[in-house]
Amino acid sequence: MVRLFSFITIVLTIAFLVTGIVHLIARAFAQILSWDPESRAFKRMLETLRHRLSAERSSLVPWDREMLSLLSLNRINERKPGWFNPLSSGQFTTIYQEPVVAYVFQSSGNIRVTLAQTNDREFIFRRKGKETEIWMNGQPFGLFIDGALLAPGKGSKLLARLDNRPEEAQSPLILGNNTALTLNNPQRASSPNPRALSLLRDLNPEEENQALALALMQLTGM
């Protein structure tokens, strides 16, 4: 009986190890496929990310014209990746501690995919090396490279330019012909309740989307 019990224990241990190895190989293979935006695996990964955020998004307060200026650097409900779970997620709040943005991201090598949602829009960021592709509400939004946000398509119209100053507290963001706002550096924040950005003028809806996209890139470490 003792030998039988030992044999069963060994078999179960081997089966568990084999299952774990197969799971890790399958997950790694799925991640390799998922980084192609045109692949089915990429679309399935996005659905996984959206499912992860379903509860967080339902608790977000409605986004209105004042929210951009009220967005803070503070995070709540952070969830770190684990051995069998590669996802990181959380929420950003306003300076009044209201949750307004939910985010989740997954990394593999030098590639990272981030999903960020307000109650009324969704941004997808796919960073590979120094380039970041951006989609908003499922549609191509732009390409961020070397501080420039370029419109999608052959024209590559310049939408915005970020004068990134990592050693300073603020980085100017140029929309149109002038500096419309500054993005506040999370690493240089001294206030216990720091704003994510400081507006210098009113923005139209298109400019707000551009500003929000770049602010979320900075907030989520893209």
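The values are calculated or read from the model by the stated rules, or taken from the named source; none is laboratory data. Bear in mind the structure is a predicted one, so any value in this text is a computation, not a measurement. Positions of Cβ are generated from backbone atoms using ideal geometry, with glycine treated the same way; all protein chains shown enter the neighbour counts.
How about the range 188-214: which of its residues are more than 21 Å from Pro140 (Cβ to Cβ) and among the acidic types (Asp, Glu)?
The one that is more than 21 Å from Pro140 (Cβ to Cβ) and among the acidic types (Asp, Glu): Asp202.
Restrict the check to the range 186-209 and report whether at least one residue is within 25 Å of Leu46 (Cα to Cα) and of a type in the set (A, V, I, L, M). Spell out the reasoning first.
In the first step, residues of the range 186-209 are kept if they are within 25 Å of Leu46 (Cα to Cα); the result is 206, 208-209.
Now narrow it down to the ones that are of a type in the set (A, V, I, L, M): none.
Checked the range 186-209: no residue is within 25 Å of Leu46 (Cα to Cα) and of a type in the set (A, V, I, L, M).
Between Gly142, Gly153, which is outside any strand (DSSP E or B) and in contact with a Pro (Cβ under 9 Å, 6 or more places away or on another chain)? Outline the logic, then answer.
Working: Gly142 fails: outside any strand (DSSP E or B).
Within the list Gly142, Gly153, the selection yields Gly153.
Which one is farthest from Asn209 (Cα to Cα), of the residues in the range 105-140 that are among the hydroxyl-bearing types (Ser, Thr, Tyr) and in contact (Cβ under 8 Å) with a residue 40 or more places away in the chain? Break it down into steps so the answer makes sense when it comes.
Step one: list which residues in the range 105-140 are among the hydroxyl-bearing types (Ser, Thr, Tyr), which gives 107-108, 114, 118, 132.
With the extra rule that they be in contact (Cβ under 8 Å) with a residue 40 or more places away in the chain, the set shrinks to 108, 114, 118, 132.
Numbers: Ser108: 27, Thr114: 16, Thr118: 11, Thr132: 16 Å.
Within the range 105-140, the match that is farthest from Asn209 (Cα to Cα) is Ser108.
Go through the range 119-177 residue by residue and tally those that are among the polar types (S, T, N, Q), touching a helix residue (DSSP H, G or I) at 6+ places or on another chain (Cβ under 8 Å) and at positive phi.
Total satisfying the criteria: 0.
Quick one: which of Thr182, Thr132 is surrounded by 14 or more Cβ atoms within 10 Å (Cβ to Cβ) and within 17 Å of the chain's Cα centre (by Cα)?
Values: Thr182 fails: within 17 Å of the chain's Cα centre (by Cα).
Result of the check over Thr182, Thr132: Thr132.
Given Phe92, Phe125, which one is under 12 Å from Met217 (Cα atoms) and outside any loop (DSSP other than H, G, I, E, B)?
On the way: Phe92 fails: under 12 Å from Met217 (Cα atoms).
Just a single option satisfies the conditions, and that option is Phe125.
Please give the number of the condition Leu68 fails out of (1) outside any helix (DSSP H, G or I); (2) modelled with pLDDT of 95 or more.
Of everything listed in (1) outside any helix (DSSP H, G or I); (2) modelled with pLDDT of 95 or more, Leu68 misses just condition (1).
Can you tell me which residue within the range 151-179, out of those that are more than 20 Å from the chain's Cα centre (by Cα) and of a type in the set (A, V, I, L, M), is modelled with the lowest pLDDT?
Filtering the range 151-179 for residues that are more than 20 Å from the chain's Cα centre (by Cα) and of a type in the set (A, V, I, L, M), the one modelled with the lowest pLDDT comes out as Ala169.
Can you tell me which residue within the range 103-119, out of those that are assigned to a loop (DSSP other than H, G, I, E, B) and at pLDDT 95 or above, is farthest from Leu71 (Cα to Cα)? Explain how you work it out, then say what you get.
First, pick out the residues of the range 103-119 that are assigned to a loop (DSSP other than H, G, I, E, B): 109-110, 118-119.
Subset that is at pLDDT 95 or above: 118-119.
On the way: Thr118: 11, Asn119: 14 Å.
Checking each candidate, the answer is Asn119.
Can you run down the residue pairs with Cβ atoms below 9 Å, 6 or more apart or on separate chains, where the first is in the range 83-94 and touching a residue at least 60 places away in the same chain (Cβ under 8 Å) and over 21 Å from Leu70 (Cα atoms) and the partner is surrounded by fewer than 18 Cβ atoms within 10 Å (Cβ to Cβ) and among the charged types (D, E, K, R)?
From the range 83-94, the pairs are Phe84/Arg27.
With the checklist (1) in a helix (DSSP H, G or I); (2) more than 21 Å from Lys130 (Cβ to Cβ) in hand, flag the one item Arg201 doesn't pass.
(1)
Answer with yes or no whether Ile76 is surrounded by fewer than 18 Cβ atoms within 10 Å (Cβ to Cβ) and part of a strand (DSSP E or B). Steps first, answer last, please.
Working: surrounded by fewer than 18 Cβ atoms within 10 Å (Cβ to Cβ): yes; part of a strand (DSSP E or B): yes.
Considered against the rule, which asks whether it is surrounded by fewer than 18 Cβ atoms within 10 Å (Cβ to Cβ) and part of a strand (DSSP E or B), Ile76 comes out as yes.
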